[in-house]
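Right, one structure below, let's go through it.
The values are calculated or read from the model by the stated rules, or taken from the named source; none is laboratory data. None of these values were measured; they are calculated from a predicted model.
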Amino acid sequence: MYKDKKYKEASEKFQDHIWKGNSLYKQQKYQEAINDYKNENSYTSHFNAGNCYAFLNSFEKAIAEYNLALNINPAGSEAIHNKKILEIETMKK
């Protein structure tokens, strides 16, 4: 289902929190996706939660999630990149 871009159906079937969160993310249901990602403690779960918070314009929460991801994988280039962008954005406010 996920491969076929049937994200709603996929999100209802997945038991894995990362995949379920990813399906919700694809539907732009960011808060629901965060709720699933919060059930995991991995680089991926924190990175994805950070992306969701960024889409919700909650930049400080996004940065905090990227920091948690980087605590797990300090070399996580995606988290480093996204965090830098949001830090610049928060300075503009």
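Return the total of residues in region 33-54 being over 11 Å from ALA69 (Cα atoms) and not basic (Lys, Arg). Explain how you work it out, then say what you get.
Residues of region 33-54 that are over 11 Å from ALA69 (Cα atoms), as a first pass: 33-40, 51-54.
Remaining after also requiring not basic (Lys, Arg): 33-37, 39-40, 51-54.
Count: 11.
Criterion first (modelled with pLDDT under 95 and within 12 Å of the chain's Cα centre (by Cα)) does ASN48 satisfy it?
Working: modelled with pLDDT under 95: no; within 12 Å of the chain's Cα centre (by Cα): yes.
In short, no.
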